[in-house]
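Some notes on the structure that comes next.
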Amino acid sequence: MNLKNKLKLNKAALIISWFIGFLCFILTLMISIQKTHVSTNSLFWIQGTGIVALLIGMAGALFYDQWRFRILQNQISSQSKELKRCEERYRSLVESAEDFIFTVDDSGRFRSLNSFTAAFFGGTPSQFIGQPLSNLFSKEVAEKQLGIIKHVFKVGKSVRDDFMVITGEHQVLLNANFMPHKDEKGNVRSVLCIAKDITESKKLEKQLVNTEKLASMGTLAAGVAHEINNPLGIILGFTDLLLEKCEKNSQSYEDLKTIERHSFHCKAVVENLLKFARHGEGLYEYCDINEAIRNIMDVVKHSLDMNDIELRLNLASDLPEVKGDLRQMQQVILNLINNAAAAMKNGGILWISSAFYANDEKVVVVVRDNGHGIPPEYMDKIFDPFFTTKSEGEGTGLGLSVSHGIITKYEGAISCESNTANSSNNPKGTTFIITLRVRDKG
């Protein structure tokens with residue numbers, strides 16, 4: 001018999017006992033009012049039965065209430081234990097998650113946060129409870145988040161947003177979902193934020209887009225370069241013939257030299273286009289990257305001195321050979337040095353370093369300057385073909401595109417970090433980081 005049927009049966013028994021007691025009371029009352037002649041013994045039994053029935057009913061009622069109270073108490077205890085287990089499971093999931101999870105009130109103060117979030121900012125959850133968002137996030141990010149939080153409190157709907165978190169040297173791009181946490185009446189009591197690190201996925205997405213752009217531009221560049229190369233060769237050939245027939249001090253000679261100079265400039269552009277299209281004709285071999293750097297230093301050292309640029313080399317000894325053609329690696333280093341020099345018109349410092357990271361089996365080359373830096377709005381375009389911030393005639397916009405193509409061809413990677421004079425808390429300048437594969441052991 002289930003609990004529901006037991007309760008019904010006990011309730012029916014109580015009603016019957018109360019009914020018998022009440023019936024005996026009514027009979028006794030009628031006998032007294034009508035003065036009916038009933039033997040004392042019979043009256044005693046009627047009254048006794050009524051009293052016993054009433055006592056049984058009262059005792060049954062007390063027993064029923066106590067029994068029902070114990071059942072309800074057991075149910076509450078069981079539900080409380082289950083609720084506690086669910087809460088512990090939920091807390092364990094939140095604490096073990098490697099995502100940023102926290103709740104805030106309508107003023108943007110933390111009400112709770114998981115250990116991962118607290119550890120990222122160098123503390124424990126209890127240290128951050130009650131603190132405003134601005135204590136953990138930058139002013140710009142905190143103000144934006146507070147605006148989103150107030151909007152969620154107002155409309156009661158979730159909002160998604162991406163924002164950057166910076167702590168020390170770490171920069172993490174997060175995709176956050178701000179969700180309303182409502183009470184039983186439907187009022188928003190707090191806002192729950194769950195944010196995932198999407199830094200690497202965004203980098204891969206940009207690399208994929210850049211690779212597709214470079215591939216399509218390479219096909220176009222090859223066609224354009226070949227179409228221009230033939231007539232350009234004819235122009236240079238006839239210019240050379242005419243120069244031989246003109247007097248060196250004549251105006252015609254000067255005009256022809258101007259044609260020749262600009263034709264050679266066009267030829268250089270065409271050669272860069274071809275290099276970009278096929279990323280050079282280098283072999284899939286291995287080379288000493290330090291040798292490539294030193295070879296280029298011999299070429300540019302005088303030019304750097306003339307432009308008041310101090311060179312600081314820090315090349316690791318005994319580097320393993322890296323995958324790449326020596327001549328093409330020299331071209332990459334030269335392109336980066338030329339860009340650095342162009343950013344330091346009034347002089348500056350150029351740092352070049354190399355290092356081997358045994359755990360990753362990679363060699364890393366860093367080229368850094370303290371020039372004017374690259375504005376943030378240009379950072380996504382620097383590896384695009386023909387993109388340049390230099391004045392007309394100073395650059396073709398292919399140097400970094402060619403460098404990117406060479407490095408990726410040899411299964412390496414090249415990235416850039418830059419700060420302008422307007423950047424806060426960071427010295428101005430640009431850093432290029434090249435990661436190269438080393439020769440496999442054996």
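No value in this document is a laboratory result; all are computed from the given coordinates. If you're wondering where the values come from, they're calculated on a predicted model, not measured in any experiment. Note that each Cβ is placed from the backbone with ideal geometry, even for glycine, and that neighbours are counted across all protein chains shown.
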(message) Just to be sure I understand: if I project the alpha-carbon convex hull of the stretch 97-197 onto a plane and average over all orientations, what area do I get in nm²?
(response) 6.0 nm²
(message) If the reach is capped at under 18 angstrom between alpha carbons, list the aspartates and glutamates near residue 150, excluding any in the same chain fewer than eight residues apart.
(response) 105, 106, 140, 161, 162, 183
(request) Calculate the spin-label point distance for residue 187 paired with residue 164, positioning each point 7 Å from the Cα along the beta-carbon direction, and give it in nanometres. (result) 4.0 nm
(message) Just want the ordering: 67, 351, from fewest to most Cβ atoms lying within 10 Å of their own Cβ.
(response) 67, 351
(message) What distance in nm lies between label points placed 7 Å from Cα along the C-beta direction at residue 150 and residue 74?
(response) 5.5 nm
(request) Would you mind putting 366-372, 401-407 in packing order, based on average other-beta-carbon counts within 10 Å, highest first? (result) 401-407, 366-372
(request) Give, as a single signed number, the net charge of other residues whose beta carbon lies under 11 Å from the beta carbon of residue 106, with Lys and Arg counted +1 and Asp and Glu -1. (result) +4
(request) Could you calculate the FRET efficiency of residue 197 with residue 308 from 1/(1 + (r/R0)^6), where r is the beta carbon distance between them and R0 is 41 Å, rounded to 0.05? (result) 0.45
(request) Give the total of Lys-Lys pairs in the stretch 235-366 with Cα-Cα distances below 21 Å; include a pair only if its members are 8 or more places apart or on different chains. (result) 7
(message) Can you tell me, using C-alpha contacts under 8 Å and at least 6 residues apart, the relative contact order of the stretch 282-442 as a whole percent?
(response) 25 percent
(request) Return 312, 437, 111 ranked ascending by Cβ neighbour count within 10 Å, so the fewest neighbours appear first. (result) 312, 111, 437
(request) Report the GluC sites (Glu not before Pro) located in the stretch 310-410 that are in a DSSP loop and have at most 10 other Cβ atoms inside 10 Å of their Cβ, or state none. (result) 392, 394
(request) Within the stretch 118-207, report the GluC sites (Glu not before Pro) that DSSP leaves as loop and that have at most 14 other Cβ atoms within 10 Å. (result) 169, 184
(message) Could you derive backbone 3J(HN,Hα) for the stretch 143-148 from the dihedral phi with the Karplus parameters 6.51, -1.76 and 1.60 (θ = phi - 60°), listing whole Hz in sequence and x where the residue is Gly or Pro?
(response) 5, 5, 4, 4, x, 5
(request) Would you mind ranking 294, 261 by Cβ crowding within 10 Å, fewest neighbours first? (result) 261, 294
(request) Mind giving me the nanometre distance, one decimal, between the label points for residue 360 and residue 229, set 7 Å out from Cα along Cα→Cβ? (result) 3.7 nm
